[in-house]
Amino acid sequence: MSNKMWGGRFSEGPDAIMEEINASIDFDKILYAQDIAGSKAHVRMLAQQDIVSADDAKAIEQGLDTIAGEIEAGTFTFSRALEDIHMNVESRLAELLGPSAGRLHTARSRNDQVATDFRLWVRETLDGLDDQLGGLQHAFAFKAVEFSSAVMPGFTHLQSAQPVTFGHHMLAYVEMLSRDRGRIQDARKRMNESPLGAAALAGTSFPIDRHMTAESLGFDRPTANSLDSVSDRDFALEALSAASICAVHLSRFAEELVIWSSAQFRFVKLSDKFSTGSSIMPQKRNPDAAELVRAKAGRIIGAMNALLIVMKGLPLTYSKDMQEDKEQTFDALQNLSLCVAAMTGMVGDLEPNLKELKKAAGSGYSTATDLADWLVRSLDMPFRNAHHVTGTLVGMASDRNIELHRLSLEDMQSVEPKITEDVFSVLSVDKSVRSRTSYGGTSPVNVKKQARSWLKTLEKERSAKQ
(Lines give C-alpha, C1' and ligand atoms only; values in the text may rest on other atoms or scores of the structure.)
Protein backbone atom coordinates (compact mmCIF):
# COMPACT_ATOMS: atom_id res chain seq x y z
CA MET A 1 0.00 0.00 0.00
CA SER A 2 1.35 3.45 -0.87
CA ASN A 3 2.14 6.04 1.74
CA LYS A 4 -0.91 8.36 1.84
CA MET A 5 1.27 11.37 2.52
CA TRP A 6 3.08 10.85 -0.76
CA GLY A 7 -0.12 10.91 -2.81
CA GLY A 8 -0.93 8.68 -5.76
CA ARG A 9 2.46 8.54 -7.45
CA PHE A 10 3.45 5.33 -5.67
CA SER A 11 1.54 2.05 -5.98
CA GLU A 12 3.57 0.15 -3.41
CA GLY A 13 4.73 0.89 0.11
CA PRO A 14 8.40 1.20 1.02
CA ASP A 15 10.58 -1.80 1.71
CA ALA A 16 11.28 -2.40 5.40
CA ILE A 17 14.90 -1.38 4.92
CA MET A 18 13.81 1.79 3.11
CA GLU A 19 11.54 2.62 6.02
CA GLU A 20 14.40 2.03 8.44
CA ILE A 21 16.90 4.29 6.63
CA ASN A 22 14.28 6.92 5.76
CA ALA A 23 12.58 7.44 9.12
CA SER A 24 13.74 10.31 11.31
CA ILE A 25 10.94 10.36 13.88
CA ASP A 26 13.13 8.70 16.51
CA PHE A 27 15.17 11.89 16.81
CA ASP A 28 13.22 14.70 15.12
CA LYS A 29 10.23 14.31 17.43
CA ILE A 30 12.18 16.72 19.61
CA LEU A 31 10.95 19.39 17.16
CA TYR A 32 7.29 18.88 17.98
CA ALA A 33 6.83 22.25 19.74
CA GLN A 34 8.55 24.13 16.93
CA ASP A 35 6.59 22.23 14.28
CA ILE A 36 3.28 23.05 15.95
CA ALA A 37 4.24 26.70 16.48
CA GLY A 38 5.20 27.01 12.81
CA SER A 39 1.97 25.37 11.68
CA LYS A 40 -0.14 27.67 13.85
CA ALA A 41 1.62 30.75 12.47
CA HIS A 42 1.16 29.42 8.94
CA VAL A 43 -2.55 28.68 9.25
CA ARG A 44 -3.25 32.06 10.85
CA MET A 45 -1.58 33.69 7.89
CA LEU A 46 -3.57 31.54 5.44
CA ALA A 47 -6.79 32.70 7.10
CA GLN A 48 -5.64 36.33 7.13
CA GLN A 49 -4.96 36.09 3.39
CA ASP A 50 -8.31 34.36 2.71
CA ILE A 51 -6.54 31.25 1.47
CA VAL A 52 -8.37 29.08 4.01
CA SER A 53 -11.54 29.92 5.89
CA ALA A 54 -11.46 31.34 9.40
CA ASP A 55 -13.44 28.33 10.65
CA ASP A 56 -10.96 25.84 9.20
CA ALA A 57 -8.05 27.83 10.58
CA LYS A 58 -9.60 27.90 14.05
CA ALA A 59 -10.28 24.16 13.97
CA ILE A 60 -6.74 23.45 12.80
CA GLU A 61 -5.25 25.57 15.59
CA GLN A 62 -7.38 23.80 18.17
CA GLY A 63 -6.37 20.45 16.72
CA LEU A 64 -2.70 21.40 16.91
CA ASP A 65 -3.15 22.42 20.54
CA THR A 66 -4.71 19.03 21.24
CA ILE A 67 -1.75 17.27 19.62
CA ALA A 68 0.72 19.35 21.64
CA GLY A 69 -1.11 18.34 24.79
CA GLU A 70 -1.01 14.67 23.83
CA ILE A 71 2.73 14.77 23.16
CA GLU A 72 3.45 16.56 26.41
CA ALA A 73 1.27 14.10 28.33
CA GLY A 74 3.05 11.15 26.72
CA THR A 75 -0.10 9.75 25.13
CA PHE A 76 0.76 10.52 21.51
CA THR A 77 1.75 7.52 19.39
CA PHE A 78 4.67 8.25 17.07
CA SER A 79 4.75 6.17 13.91
CA ARG A 80 7.98 5.32 12.08
CA ALA A 81 5.91 4.58 8.97
CA LEU A 82 5.06 8.29 8.86
CA GLU A 83 8.78 9.12 8.74
CA ASP A 84 9.07 12.37 10.66
CA ILE A 85 7.49 14.76 13.13
CA HIS A 86 5.77 16.75 10.36
CA MET A 87 3.86 13.79 8.95
CA ASN A 88 3.08 12.42 12.39
CA VAL A 89 1.47 15.70 13.41
CA GLU A 90 -0.36 16.08 10.13
CA SER A 91 -1.66 12.51 10.24
CA ARG A 92 -3.00 12.94 13.76
CA LEU A 93 -4.58 16.24 12.76
CA ALA A 94 -6.41 14.41 9.96
CA GLU A 95 -7.70 11.88 12.50
CA LEU A 96 -9.01 14.72 14.66
CA LEU A 97 -10.48 16.96 11.93
CA GLY A 98 -10.98 14.89 8.84
CA PRO A 99 -10.27 16.29 5.33
CA SER A 100 -10.12 19.93 6.46
CA ALA A 101 -6.80 19.15 8.16
CA GLY A 102 -5.28 18.88 4.69
CA ARG A 103 -5.71 22.63 4.19
CA LEU A 104 -2.86 23.28 6.64
CA HIS A 105 -0.24 22.24 4.10
CA THR A 106 -1.43 24.77 1.51
CA ALA A 107 1.43 26.99 0.24
CA ARG A 108 4.18 25.18 2.11
CA SER A 109 6.38 22.09 1.76
CA ARG A 110 8.16 19.86 4.20
CA ASN A 111 11.31 21.53 2.88
CA ASP A 112 10.53 24.99 4.26
CA GLN A 113 8.70 23.44 7.20
CA VAL A 114 11.72 21.50 8.46
CA ALA A 115 14.06 24.41 7.78
CA THR A 116 11.81 26.61 9.92
CA ASP A 117 11.44 24.07 12.72
CA PHE A 118 15.17 23.43 12.82
CA ARG A 119 16.01 27.13 12.98
CA LEU A 120 13.52 27.66 15.78
CA TRP A 121 15.07 24.81 17.79
CA VAL A 122 18.64 25.96 17.24
CA ARG A 123 17.69 29.55 18.09
CA GLU A 124 16.01 28.52 21.33
CA THR A 125 18.93 26.28 22.27
CA LEU A 126 21.47 29.02 21.61
CA ASP A 127 19.50 31.37 23.85
CA GLY A 128 19.64 28.78 26.62
CA LEU A 129 23.37 28.22 26.13
CA ASP A 130 24.02 31.95 26.27
CA ASP A 131 22.25 32.15 29.63
CA GLN A 132 24.14 29.11 30.92
CA LEU A 133 27.50 30.52 29.87
CA GLY A 134 26.66 33.74 31.67
CA GLY A 135 26.16 31.66 34.80
CA LEU A 136 29.52 29.96 34.31
CA GLN A 137 31.19 33.34 33.83
CA HIS A 138 29.64 34.43 37.12
CA ALA A 139 31.06 31.36 38.89
CA PHE A 140 34.56 32.07 37.53
CA ALA A 141 34.36 35.79 38.35
CA PHE A 142 33.18 35.05 41.89
CA LYS A 143 36.21 32.79 42.42
CA ALA A 144 38.42 35.53 40.97
CA VAL A 145 37.25 38.03 43.58
CA GLU A 146 37.56 35.50 46.39
CA PHE A 147 41.12 34.52 45.44
CA SER A 148 42.38 37.70 43.82
CA SER A 149 45.55 37.67 45.96
CA ALA A 150 46.20 33.92 46.06
CA VAL A 151 49.55 33.23 44.40
CA MET A 152 50.01 30.28 42.05
CA PRO A 153 52.44 29.34 39.30
CA GLY A 154 51.76 30.52 35.80
CA PHE A 155 52.85 28.02 33.18
CA THR A 156 54.17 27.92 29.66
CA HIS A 157 54.84 24.46 28.18
CA LEU A 158 53.43 23.23 31.53
CA GLN A 159 56.68 24.46 33.08
CA SER A 160 56.78 27.09 35.82
CA ALA A 161 57.06 30.47 34.11
CA GLN A 162 56.03 33.40 36.32
CA PRO A 163 53.89 33.73 39.44
CA VAL A 164 50.28 34.76 38.84
CA THR A 165 47.19 34.87 41.02
CA PHE A 166 44.51 32.22 41.12
CA GLY A 167 41.96 34.95 40.50
CA HIS A 168 43.80 36.01 37.36
CA HIS A 169 43.65 32.45 36.07
CA MET A 170 39.91 32.34 36.71
CA LEU A 171 39.42 35.60 34.81
CA ALA A 172 41.13 34.15 31.74
CA TYR A 173 38.15 31.81 31.35
CA VAL A 174 35.67 34.64 31.91
CA GLU A 175 37.22 36.33 28.87
CA MET A 176 37.12 33.14 26.79
CA LEU A 177 33.49 32.56 27.66
CA SER A 178 32.67 36.15 26.76
CA ARG A 179 33.96 35.51 23.25
CA ASP A 180 32.04 32.23 23.13
CA ARG A 181 28.86 34.10 24.01
CA GLY A 182 29.64 36.70 21.37
CA ARG A 183 29.92 33.98 18.73
CA ILE A 184 26.65 32.42 19.88
CA GLN A 185 24.89 35.79 19.81
CA ASP A 186 26.28 36.55 16.34
CA ALA A 187 25.15 33.16 15.05
CA ARG A 188 21.72 33.71 16.56
CA LYS A 189 21.38 37.12 14.94
CA ARG A 190 22.47 35.87 11.53
CA MET A 191 20.13 32.86 11.55
CA ASN A 192 17.04 34.79 12.65
CA GLU A 193 15.31 34.78 9.25
CA SER A 194 12.25 32.70 8.45
CA PRO A 195 12.30 30.15 5.59
CA LEU A 196 8.56 29.52 5.97
CA GLY A 197 6.78 30.23 2.70
CA ALA A 198 9.69 29.31 0.46
CA ALA A 199 7.74 26.07 -0.12
CA ALA A 200 9.58 23.25 -1.88
CA LEU A 201 12.19 25.49 -3.51
CA ALA A 202 10.55 28.08 -5.78
CA GLY A 203 8.09 29.90 -3.57
CA THR A 204 4.33 29.65 -4.12
CA SER A 205 1.63 31.12 -6.33
CA PHE A 206 -0.66 31.66 -3.33
CA PRO A 207 -0.81 35.25 -2.04
CA ILE A 208 0.91 34.48 1.26
CA ASP A 209 2.36 37.02 3.68
CA ARG A 210 5.80 35.78 4.70
CA HIS A 211 6.48 38.86 6.79
CA MET A 212 3.47 38.00 8.94
CA THR A 213 4.66 34.46 9.67
CA ALA A 214 8.21 35.66 10.26
CA GLU A 215 7.04 38.20 12.82
CA SER A 216 4.69 35.71 14.45
CA LEU A 217 7.59 33.29 15.03
CA GLY A 218 9.96 35.94 16.34
CA PHE A 219 12.15 36.17 13.24
CA ASP A 220 13.56 39.50 12.13
CA ARG A 221 12.48 38.99 8.51
CA PRO A 222 11.75 36.27 5.95
CA THR A 223 14.63 34.78 3.98
CA ALA A 224 15.14 36.54 0.65
CA ASN A 225 15.74 33.64 -1.73
CA SER A 226 13.55 30.55 -1.84
CA LEU A 227 16.34 28.29 -3.15
CA ASP A 228 18.69 29.32 -0.36
CA SER A 229 15.88 29.11 2.19
CA VAL A 230 15.39 25.35 1.92
CA SER A 231 19.00 24.37 1.22
CA ASP A 232 20.81 26.49 3.80
CA ARG A 233 22.26 24.81 6.86
CA ASP A 234 24.80 27.56 7.53
CA PHE A 235 22.95 28.39 10.71
CA ALA A 236 23.51 24.90 12.11
CA LEU A 237 27.14 24.88 11.01
CA GLU A 238 27.76 28.25 12.61
CA ALA A 239 26.08 27.13 15.82
CA LEU A 240 28.22 23.98 15.84
CA SER A 241 31.34 26.03 15.15
CA ALA A 242 30.63 28.30 18.11
CA ALA A 243 29.81 25.23 20.20
CA SER A 244 33.05 23.52 19.20
CA ILE A 245 35.21 26.49 20.18
CA CYS A 246 33.35 26.76 23.48
CA ALA A 247 33.80 23.03 24.09
CA VAL A 248 37.54 23.43 23.53
CA HIS A 249 37.65 26.17 26.17
CA LEU A 250 35.77 23.98 28.63
CA SER A 251 38.04 21.06 27.78
CA ARG A 252 41.17 23.10 28.48
CA PHE A 253 39.96 23.99 31.96
CA ALA A 254 38.80 20.42 32.49
CA GLU A 255 42.34 19.27 31.69
CA GLU A 256 43.71 21.72 34.24
CA LEU A 257 41.30 20.40 36.85
CA VAL A 258 42.42 16.84 36.15
CA ILE A 259 46.07 17.85 36.58
CA TRP A 260 45.54 20.22 39.51
CA SER A 261 43.47 17.73 41.52
CA SER A 262 46.06 14.96 41.18
CA ALA A 263 48.18 13.83 44.15
CA GLN A 264 51.24 15.09 42.32
CA PHE A 265 49.94 18.67 42.11
CA ARG A 266 47.35 19.02 44.91
CA PHE A 267 46.47 22.51 43.70
CA VAL A 268 42.70 22.12 44.08
CA LYS A 269 40.08 19.84 45.53
CA LEU A 270 36.94 18.96 43.60
CA SER A 271 33.82 18.40 45.64
CA ASP A 272 32.37 14.93 46.17
CA LYS A 273 29.45 15.98 43.97
CA PHE A 274 31.70 16.04 40.90
CA SER A 275 34.09 13.19 41.75
CA THR A 276 33.79 9.41 41.76
CA GLY A 277 35.53 6.55 43.55
CA SER A 278 37.09 3.30 42.48
CA SER A 279 35.57 -0.16 42.75
CA ILE A 280 38.89 -1.60 43.94
CA MET A 281 41.06 1.28 45.23
CA PRO A 282 39.34 2.88 48.24
CA GLN A 283 41.63 5.92 48.33
CA LYS A 284 40.73 7.16 44.85
CA ARG A 285 38.87 10.41 44.11
CA ASN A 286 38.54 10.55 40.35
CA PRO A 287 37.75 13.82 38.51
CA ASP A 288 35.27 12.06 36.22
CA ALA A 289 33.07 15.08 35.55
CA ALA A 290 36.07 17.05 34.29
CA GLU A 291 37.25 14.09 32.22
CA LEU A 292 33.84 13.74 30.59
CA VAL A 293 33.73 17.44 29.76
CA ARG A 294 37.13 17.01 28.16
CA ALA A 295 35.95 13.98 26.18
CA LYS A 296 32.71 15.55 24.99
CA ALA A 297 34.68 18.25 23.17
CA GLY A 298 35.60 15.57 20.63
CA ARG A 299 31.98 14.60 20.24
CA ILE A 300 30.92 18.21 19.62
CA ILE A 301 33.74 18.92 17.18
CA GLY A 302 32.89 15.66 15.42
CA ALA A 303 29.31 16.83 14.91
CA MET A 304 30.51 19.98 13.17
CA ASN A 305 32.85 17.98 10.93
CA ALA A 306 30.08 15.51 10.11
CA LEU A 307 27.67 18.21 8.98
CA LEU A 308 30.36 19.98 6.94
CA ILE A 309 31.04 16.70 5.14
CA VAL A 310 27.32 16.06 4.56
CA MET A 311 26.83 19.51 3.02
CA LYS A 312 30.02 19.87 1.00
CA GLY A 313 28.83 18.10 -2.15
CA LEU A 314 25.13 18.91 -2.26
CA PRO A 315 23.73 20.86 -5.22
CA LEU A 316 20.83 23.23 -4.61
CA THR A 317 18.35 22.75 -3.21
CA TYR A 318 17.11 20.03 -0.85
CA SER A 319 18.52 16.51 -0.84
CA LYS A 320 17.63 13.73 1.57
CA ASP A 321 21.23 13.84 2.77
CA MET A 322 20.15 16.87 4.77
CA GLN A 323 18.14 14.66 7.08
CA GLU A 324 21.55 13.96 8.63
CA ASP A 325 21.77 17.60 9.76
CA LYS A 326 19.70 17.27 12.90
CA GLU A 327 20.77 14.26 14.93
CA GLN A 328 24.35 15.41 15.46
CA THR A 329 23.28 19.02 15.99
CA PHE A 330 20.79 18.00 18.66
CA ASP A 331 23.39 15.79 20.30
CA ALA A 332 26.21 18.36 20.20
CA LEU A 333 24.26 21.31 21.55
CA GLN A 334 22.56 19.24 24.24
CA ASN A 335 25.91 17.82 25.33
CA LEU A 336 27.47 21.28 25.40
CA SER A 337 24.64 22.39 27.66
CA LEU A 338 25.37 19.44 29.95
CA CYS A 339 29.08 20.30 29.97
CA VAL A 340 28.42 23.93 30.89
CA ALA A 341 26.13 22.84 33.73
CA ALA A 342 28.74 20.41 35.05
CA MET A 343 31.53 22.95 34.78
CA THR A 344 29.48 25.60 36.57
CA GLY A 345 29.00 23.17 39.44
CA MET A 346 32.68 22.23 39.56
CA VAL A 347 33.86 25.85 39.55
CA GLY A 348 31.35 26.83 42.21
CA ASP A 349 32.56 24.06 44.55
CA LEU A 350 36.25 24.38 43.71
CA GLU A 351 38.59 24.64 46.72
CA PRO A 352 42.11 25.86 45.90
CA ASN A 353 44.93 24.61 48.13
CA LEU A 354 46.55 27.98 48.85
CA LYS A 355 49.59 26.53 50.60
CA GLU A 356 50.50 24.21 47.73
CA LEU A 357 49.77 26.88 45.14
CA LYS A 358 52.10 29.36 46.78
CA LYS A 359 54.81 26.77 47.29
CA ALA A 360 54.64 25.81 43.63
CA ALA A 361 54.58 29.47 42.56
CA GLY A 362 58.12 29.92 43.88
CA SER A 363 59.53 26.81 42.25
CA GLY A 364 61.32 26.63 38.93
CA TYR A 365 62.96 30.05 39.38
CA SER A 366 59.69 31.72 38.52
CA THR A 367 60.86 35.19 39.61
CA ALA A 368 63.79 35.18 37.17
CA THR A 369 62.00 37.65 34.90
CA ASP A 370 61.52 39.95 37.89
CA LEU A 371 65.27 39.86 38.44
CA ALA A 372 65.91 40.70 34.80
CA ASP A 373 63.41 43.56 34.95
CA TRP A 374 65.11 44.86 38.12
CA LEU A 375 68.47 44.89 36.34
CA VAL A 376 66.94 46.93 33.52
CA ARG A 377 65.19 49.39 35.84
CA SER A 378 67.84 49.78 38.53
CA LEU A 379 71.08 49.39 36.58
CA ASP A 380 69.91 50.76 33.22
CA MET A 381 71.05 47.51 31.63
CA PRO A 382 69.80 46.51 28.16
CA PHE A 383 67.28 43.73 28.53
CA ARG A 384 69.29 41.22 26.53
CA ASN A 385 72.27 41.77 28.84
CA ALA A 386 69.95 41.48 31.86
CA HIS A 387 68.55 38.25 30.43
CA HIS A 388 72.08 36.82 30.17
CA VAL A 389 73.02 37.86 33.71
CA THR A 390 69.82 36.39 35.10
CA GLY A 391 70.32 33.16 33.20
CA THR A 392 73.80 32.83 34.67
CA LEU A 393 72.44 33.35 38.20
CA VAL A 394 69.67 30.81 37.62
CA GLY A 395 72.30 28.32 36.47
CA MET A 396 74.29 28.98 39.62
CA ALA A 397 71.25 28.41 41.83
CA SER A 398 70.33 25.27 39.90
CA ASP A 399 73.84 23.84 40.32
CA ARG A 400 73.52 24.35 44.08
CA ASN A 401 69.92 23.05 44.11
CA ILE A 402 68.61 26.19 45.81
CA GLU A 403 66.02 28.82 44.92
CA LEU A 404 67.08 32.07 43.33
CA HIS A 405 66.41 34.19 46.41
CA ARG A 406 68.68 31.87 48.44
CA LEU A 407 71.77 33.10 46.57
CA SER A 408 73.78 35.57 48.61
CA LEU A 409 74.44 39.13 47.54
CA GLU A 410 78.10 38.15 47.09
CA ASP A 411 77.06 35.32 44.77
CA MET A 412 75.06 37.73 42.65
CA GLN A 413 77.79 40.35 42.61
CA SER A 414 80.24 37.74 41.36
CA VAL A 415 78.22 37.77 38.15
CA GLU A 416 77.23 41.47 38.12
CA PRO A 417 79.10 43.70 40.63
CA LYS A 418 76.52 46.52 40.48
CA ILE A 419 73.72 44.39 42.01
CA THR A 420 72.64 45.75 45.39
CA GLU A 421 70.69 44.44 48.38
CA ASP A 422 67.56 45.95 46.86
CA VAL A 423 67.42 43.08 44.37
CA PHE A 424 65.87 40.84 47.02
CA SER A 425 62.81 43.09 47.10
CA VAL A 426 61.64 41.64 43.78
CA LEU A 427 62.43 37.97 44.28
CA SER A 428 59.40 36.96 46.37
CA VAL A 429 56.33 35.64 44.57
CA ASP A 430 54.01 38.04 46.41
CA LYS A 431 55.99 41.08 45.32
CA SER A 432 56.24 39.66 41.82
CA VAL A 433 52.49 39.47 41.32
CA ARG A 434 51.90 42.85 42.98
CA SER A 435 54.27 44.44 40.48
CA ARG A 436 52.30 43.26 37.43
CA THR A 437 50.04 46.31 37.32
CA SER A 438 49.90 46.78 33.55
CA TYR A 439 46.38 46.61 32.09
CA GLY A 440 45.33 42.98 32.00
CA GLY A 441 48.15 42.00 34.36
CA THR A 442 47.99 39.65 37.31
CA SER A 443 48.33 42.10 40.23
CA PRO A 444 45.68 41.52 42.91
CA VAL A 445 44.45 45.10 42.53
CA ASN A 446 43.87 44.55 38.82
CA VAL A 447 42.23 41.18 39.35
CA LYS A 448 39.82 42.35 42.03
CA LYS A 449 38.81 45.39 39.99
CA GLN A 450 38.28 43.38 36.82
CA ALA A 451 36.41 40.57 38.57
CA ARG A 452 34.07 42.98 40.33
CA SER A 453 33.44 44.75 37.05
CA TRP A 454 32.49 41.43 35.44
CA LEU A 455 30.19 40.52 38.33
CA LYS A 456 28.46 43.87 38.03
CA THR A 457 28.02 43.43 34.28
CA LEU A 458 26.69 39.89 34.65
CA GLU A 459 24.27 40.83 37.45
CA LYS A 460 22.97 43.72 35.36
CA GLU A 461 22.52 41.41 32.40
CA ARG A 462 20.71 38.85 34.54
CA SER A 463 18.37 41.50 35.97
CA ALA A 464 17.54 42.80 32.49
CA LYS A 465 16.38 39.32 31.44
CA GLN A 466 14.08 38.81 34.44
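The values are calculated or read from the model by the stated rules, or taken from the named source; none is laboratory data. Note that the structure is a prediction, hence the values are computed from the model and not measured. Positions of Cβ are generated from backbone atoms using ideal geometry, with glycine treated the same way; all protein chains shown enter the neighbour counts. Surface areas here come from the heavy atoms of the whole protein model, side chains and all, with no ligands, DNA or RNA. Shrake-Rupley method; radii C 1.70, N 1.55, O 1.52, S 1.80 Å.
Tabulated data
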quantity: For the stretch 18-106, convex hull of alpha carbons as volume per residue, Å³; calculated: 86
quantity: Estimated dipole of the stretch 154-272 in Debye, rounded to 20 [Cβ of Lys and Arg +1, of Asp and Glu -1, Cα centre]; calculated: 320
quantity: Spacing of the two label points (7 Å from each Cα toward its C-beta) at D331 and N192, in nm; calculated: 3.1
quantity: Computed label-point distance, nm, for sites A81 and R452 using a 7 Å Cα→Cβ extension; calculated: 6.9
quantity: HN-Hα J in Hz across the stretch 217-233 - Karplus 6.51, -1.76, 1.60, θ = phi - 60°, x for Gly and Pro; calculated: 9, x, 7, 6, 5, x, 5, 8, 9, 5, 5, 5, 4, 8, 9, 6, 10
quantity: Between the stretch 435-466 and the stretch 278-341, the alpha-carbon center distance in angstrom; calculated: 32
quantity: Solvent exposure ordering (accessible area, 1.4 Å, most first) of Y318, Y439; calculated: Y439, Y318
quantity: Under Karplus coefficients 6.51, -1.76 and 1.60, residue-wise ³J(HN,Hα) of the stretch 107-124 in Hz, glycine/proline x; calculated: 6, 8, 10, 4, 5, 6, 5, 5, 4, 5, 4, 5, 4, 4, 5, 4, 4, 5
quantity: Sparsely packed GluC sites (Glu not before Pro) within the stretch 70-100, loop by DSSP, other Cβ within 10 Å at most 15; calculated: none
quantity: Accessible heavy-atom area order of S229, S241, highest first, probe of 1.4 Å; calculated: S241, S229
quantity: Sparse-neighbourhood loop sites, trypsin sites (Lys or Arg not before Pro) in the stretch 306-346 - DSSP loop, at most 15 other Cβ within 10 angstrom; calculated: K312
quantity: Extension reserve of the K460-R285 stretch, reckoned as 0.36 nm per residue once the Cα distance is removed; calculated: 59.2 nm
quantity: Chain lengthening between S178 and D55 when straightened (0.36 nm per residue, less Cα-Cα); calculated: 39.3 nm
quantity: Nearest-20 debye value, the chain charge dipole, Cβ charges on Lys, Arg, Asp, Glu; calculated: 1480
quantity: Of N401, L427, Q450, farthest towards positive along the dipole that unit charges on Lys, Arg, Asp, Glu beta carbons give the stretch 351-466; calculated: Q450
quantity: The stretch 210-232 residues near the modelled A202 label - backbone nitrogen below 17 Å, point 7 Å along Cα→Cβ; calculated: 225-231
quantity: Amide H contacts of V268 (H built 1.01 Å from N, under 5 Å, at least 5 apart or other chain); calculated: S261, N353
quantity: Phi to ³J(HN,Hα) by Karplus 6.51 cos²θ - 1.76 cosθ + 1.60 over the stretch 73-88, Hz, x for Gly, Pro; calculated: 7, x, 9, 7, 9, 7, 10, 5, 5, 8, 6, 9, 5, 5, 6, 4
quantity: C-alpha long axis of helix 326-349 to longest principal axis of the chain, angle in °; calculated: 40
quantity: Rough spin-label spacing in nm, given labels placed 7 Å along Cα→Cβ, for A16 and D422; calculated: 9.0
quantity: Span from the the stretch 216-260 Cα centroid across to the the stretch 69-93 one, whole angstrom; calculated: 28
quantity: Cross-link partners of K273 among aspartates and glutamates (Cα-Cα below 19 Å; sequence separation of 8 or more within a chain); calculated: E255, E256, D288, E291, D349, E351
